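Some notes on the structure that comes next.
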Amino acid sequence: MMNIELYLAYVMIITLLLLSPGPSVLLSINNGLNYSLKLALIGVLGNVLAFQILVIISATSLAALILSFSSLLLAIKIIGAVYLCFLGLKMYQSPVSQLNHKSYDEKHHKGSTVFKEAFLITSLNPKALIFVSALLPQFIDPTVTLMPQVVILCLTSAVIHFSIYVGYAALAFKAKNLLNSHKRRQVFNKVSGVIFLMFGVSIGASQLII
């Protein structure tokens, strides 16, 4: 049985982490504004699955192995930076989808593509891996069997993650009418694209500084 104080502290910290703005949050908001709610939820599932994989990696020796190989970690950072820049350019150049046209969304945007984008943007985020790897061991009780604790922490973070990101996507979906003009939605897409480019460039630049 997990220590209840450790568990409550984990719930609070993981909630604050997932509420904080970042590439994954911005993508969920962007999906909610530009796609149907169904497609936005598929994207959320991609984020959640990728994050759970990071949690599982962090609970095993794989995280220490990855972090100990500087060249491997550098490769992950570079790939993540390039992918963020790619998504930024894609968003910047993307056409504005039609409001309240579910069939249009499902015809022009495959669920698998939305899922893949969300999955990759979380799994290739080096900061997420480093943070979770540093965070998770603080909430593992060495006097208690490891696997039940990992299962509890994974399920807890999955529920919190899904709830928060669905909330972001649903609010964005409901806010579509505030961006009901073609020009406003085009501006939002371009601003989102620039922010993603900035995320990617900042990760890439950090390697040059190091």
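No lab work stands behind these numbers, since they all come straight from the coordinates. These numbers were taken from a predicted model, which means no experiment stands behind them. Ideal geometry is used to build each Cβ from the backbone, glycine not excepted, and the neighbour counts take in all protein chains shown.
At what distance in nm do the modelled label points of Met198 and Gln186 sit from each other, each positioned 7 Å from its Cα along Cα→Cβ?
2.2
Suppose each label sits 7 Å from its Cα in the direction of the beta carbon; what would the Tyr92-Lys110 distance come out to in nanometres?
Each label point lies 7 Å from its Cα, and together they span 2.6 nm.
In whole Hz, what ³J(HN,Hα) sequence does segment 115-123 give by Karplus (6.51, -1.76, 1.60; θ = phi - 60°), x for Gly and Pro?
Going residue by residue, I get 4, 4, 4, 5, 5, 5, 5, 8, 5 Hz, with x marking Gly and Pro.
So what J values fall out for segment 21-32 if you push phi through Karplus, 6.51 cos²θ - 1.76 cosθ + 1.60 with θ = phi - 60°, rounded to Hz, Gly and Pro as x?
Values per residue, Gly and Pro as x: x, x, x, 5, 5, 4, 5, 4, 5, 4, 5, x Hz.
Work through the residues other than Asn125 whose Cβ is under 14 Å from its Cβ and net out their charges, Lys, Arg +1 and Asp, Glu -1.
Details: positive: Lys77, Lys127; negative: Glu117.
In short, +1.
Near Ile29, within a Cβ-to-Cβ distance under 12 Å, what is the net charge of the other residues, with Lys and Arg +1 and Asp and Glu -1? The partial results should precede the final answer.
Numbers: positive: Lys174, Lys176; negative: none.
Value of the local net charge: +2.
Say the cut-off is 20 Å between C-alpha atoms; which of Lys116/Lys183; Lys38/Lys176; Lys90/Lys127; Lys127/Lys190; Lys90/Lys174 go over it? Write down the numbers at each step before the final one.
Details: Lys116/Lys183 28 Å; Lys38/Lys176 15 Å; Lys90/Lys127 23 Å; Lys127/Lys190 25 Å; Lys90/Lys174 24 Å.
Beyond 20 Å between Cα atoms: Lys116/Lys183; Lys90/Lys127; Lys127/Lys190; Lys90/Lys174.
Quick one: what are the phi-derived ³J(HN,Hα) couplings along segment 135-140, Karplus 6.51/-1.76/1.60 with θ = phi - 60°, whole Hz, x for glycine and proline?
In residue order, the calculated couplings are 7, 4, x, 5, 10, 9 Hz.
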